[in-house]
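Here, each number is a calculation from the coordinates, and none is a lab measurement. Bear in mind the structure is a predicted one, so any value in this text is a computation, not a measurement. Positions of Cβ are backbone-derived with ideal geometry, glycine not excepted, and every protein chain shown enters the neighbour counts.
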Amino acid sequence: MQRSTVHLVRHGEVHNPDRVLYGRLPEFHLSELGRQMAIQMARHFQQRRDEGADIVHLVASPLDRAQETAQPLADALGLTISTDERIIEAENRFEGMSGIKSRLREPRHWPFLVNPFRPSWGEPYSRQVERMMAGVHDARRLALGLSSAKGSDRPAEAILVSHQLPIWVTRLAAEHRRLWHDPRERECTLTSVTSLDFDGDTIRRVRYAEPCADLLPEAANVPGA
């Protein structure tokens with residue numbers, strides 16, 4: 001049975017001094033710390049490849065912060081960045097707002113808060129999982145083809161650079177857990193790596209790593225990431 005791994009990487013810290021819930025808005029770029037994170041995370045994967053990992057495919061969300069996080073990976077691994085709309089950030093009705101906690105006290109926003117299980121303020125969790133998993137499986141199959149073409153006998157690996165919420169609900173689905181959750185409990189820090197190990201089409205294991213754990217204390221808690 002063919003074995004493969006898809007690594008879901010969250011982007012680095014974003015420059016967001018006004019603390020905007022930026023969601024899918026353009027022109028939100030990595031901060032200086034975010035660029036350091038991206039470089040350090042790329043070194044993590046370069047070391048894995050030097051140790052024998054067969055990393056053959058790189059994909060990123062179209063948003064600036066994901067593309068900028070993927071670029072050091074492309075440079076370190078000699079890969080081309082493929083862009084996939086399916087791994088983009090979740091839709092959110094409050095996108096573009098700053099001071100989000102105080103703004104949600106306004107009655108005009110309350111109709112969007114009635115169902116946290118769906119959630120009613122944005123893209124359903126189930127839809128995020130559906131599109132993310134479609135991207136994951138396409139990347140996995142492409143990686144297997146590339147690995148097979150060069151005669152490798154190691155599991156084929158692909159990296160997808162995406163965003164916290166889509167990555168987290170994909171992990172929940174992979175672990176057969178409920179999708180609704182407390183956002184404060186997400187285990188998906190900046191430039192973290194959530195790895196899905198496959199036997200054929202079946203996920204056999206989920207792993208989690210934080211290659212930039214030493215940089216996280218310096219990072220801002222940026223909304224909309």
Per-residue ellipticity at 222 nm for the chain, helices alone: DSSP H runs ≥ 4 residues times -39500 (n - 2.57), over residue total, nearest 500 deg cm²/dmol? -10500 deg cm²/dmol
Hey, what did the stretch 3-218 get for relative contact order, percent, Cα under 8 Å, at least 6 apart? 33
Taking the Cα centre as origin and putting +1 on Lys and Arg beta-carbons and -1 on Asp and Glu beta-carbons, what dipole magnitude results for the chain, to the nearest 20 debye? 660
So, in Å, what gap is there between the alpha-carbon centers of the stretch 124-180 and the stretch 20-83? 16
Evaluate E = 1/(1 + (r/R0)^6) for residue 114 and residue 207, where r is the Cβ-Cβ distance and R0 equals 22 Å; express this FRET efficiency to the nearest 0.05. 0.05
Assertion target for 118, 86, ordered by fewest C-beta neighbours within 10 angstrom first, is 118, 86
Beyond 16 Å, what percent of the Cα pairs of the stretch 15-99 remain? 58
If you rank 180, 121, 168 by fewest surrounding Cβ atoms within 10 Å, what's the result? 180, 121, 168
Which helices pass in the chain if a helix is a full DSSP H run, must span at least 24 angstrom along its long axis by Cα, and must have mean Kyte-Doolittle hydropathy not below 1.0? none
Taking the stretch 124-225 and dividing mean pair separation by its residue count, relative contact order in percent (alpha carbons under 8 Å, at least six apart): 22
Could you pull out which residues in the stretch 36-63 have an amide N less than 13 Å from a spot 7 Å beyond the Cα of residue 74, following the Cα-Cβ vector? 58-63
Count the DSSP beta bridges whose two residues both fall in the chain, then state the antiparallel fraction as a percent rounded to the nearest 5. 50
Calculated FRET efficiency, residue 15 and residue 199, Cβ-Cβ r, R0 45 Å, to nearest 0.05? 0.65
